[in-house]
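Below you'll find the structure, written out as structure tokens, and then a few comments.
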Amino acid sequence: MSIRNNAMSYKRISVAILFILGTSAALCQLNSNTASVALKATLGESLTVAATPSAVAIPLVSGGVATGTSPVAITTTWVLSASRTTVTLVGYFASATVALTDGAATPDNIPASEVLGQMTTGTPTSFTAFTQTAPLGTAGAGLTLFTQGLSAANRTANRTDNLSLEINLASQPQLPAGSYTGTLNIQAQAL
């Protein structure tokens, strides 16, 4: 009886092995549903301006022209959408009549018309007074430094330009000795 039971056991095992081997792999496989994840990635627009140095000394010449001790390196960086067509860089003063002042109780002032800028890689390739009504800033106290057209090739880009500054006191020879200070604002705009 034990030989017979062993033979039966072997037979059952053999049948089970043949059944397992004969069963298709698909019957042994179990797949889940498919989950979906919607992706949304956004790259926001940006437009920045950096200027170095942050201060320029201009040793004034009574009745003459004085040049700044160093040019201002202006780096304009942008990442813009396809709807933008231009980037414009502007320099401007808060007032057309007071670009620089000595700050005295009865102040002596240097108007924006006597401050000149030159950027050979931009719009004013020769020294030009800050007398424009630029797209940004104060009317009659600005100067467009460059206008850059945009295309698919430069919607993400940067450029560095050197702005040289002068103060021409030819029309103001009576300006008294003193220390005159003012702030030139530099700003970019994308349209």
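The values are calculated or read from the model by the stated rules, or taken from the named source; none is laboratory data. Note that the coordinates shown come from a computational prediction; the quantities given were computed from them, not determined experimentally. Don't worry about glycine lacking a Cβ; one is built from the backbone with ideal geometry, like all the others, and counts go over all protein chains shown.
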Quick check: is even one residue across segment 123-143 touching a residue at least 60 places away in the same chain (Cβ under 8 Å) and under 29 Å from Pro107 (Cβ atoms)?
no
Pairs, first free of Cβ contacts under 8 Å to residues at least 40 places away in the same chain in segment 84-106, second surrounded by fewer than 23 Cβ atoms within 10 Å (Cβ to Cβ) and not acidic (Asp, Glu), C-beta under 9 Å, six or more apart
Thr97/Asn109; Thr97/Pro111; Thr97/Ser113; Thr97/Gly140
Quick check: is even one residue across segment 34-46 surrounded by 10 or more Cβ atoms within 10 Å (Cβ to Cβ) and at pLDDT 95 or above?
yes
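Based on this model, can you work out whether Ala66 counts as under 25 Å from Ser179 (Cβ atoms), touching a residue at least 24 places away in the same chain (Cβ under 8 Å) and not in a loop (DSSP other than H, G, I, E, B)?
So Ala66 fits the description; yes.
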Before we move on, is Leu150 of a type in the set (A, V, I, L, M, F, W, C) and under 23 Å from Ala55 (Cβ atoms)?
no
Being within 18 Å of Ala112 (Cβ to Cβ) and in contact with a helix residue (DSSP H, G or I) (Cβ under 7 Å, 6 or more places away or on another chain) narrows it down to one residue among Leu136, Leu175, Leu169, Leu145; which is it?
Leu169
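So that you can scan it fast, the table gives a plain yes or no per residue for (1) modelled with pLDDT of 95 or more; (2) surrounded by fewer than 17 Cβ atoms within 10 Å (Cβ to Cβ):
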residue: Ala112; (1), (2): yes, no
residue: Gln118; (1), (2): yes, no
residue: Gln132; (1), (2): no, no
residue: Ala152; (1), (2): yes, yes
residue: Thr156; (1), (2): yes, yes
residue: Thr160; (1), (2): yes, yes
Here is a check on your reading of the model: is Ile74 surrounded by 12 or more Cβ atoms within 10 Å (Cβ to Cβ) and touching an Asp or Glu at 6+ places or on another chain (Cβ under 6 Å)?
yes
Would you confirm, using the coordinates I've provided, whether Ser126 is of a type outside the set (Lys, Arg), surrounded by 14 or more Cβ atoms within 10 Å (Cβ to Cβ) and farther than 21 Å from Ala188 by Cβ?
no
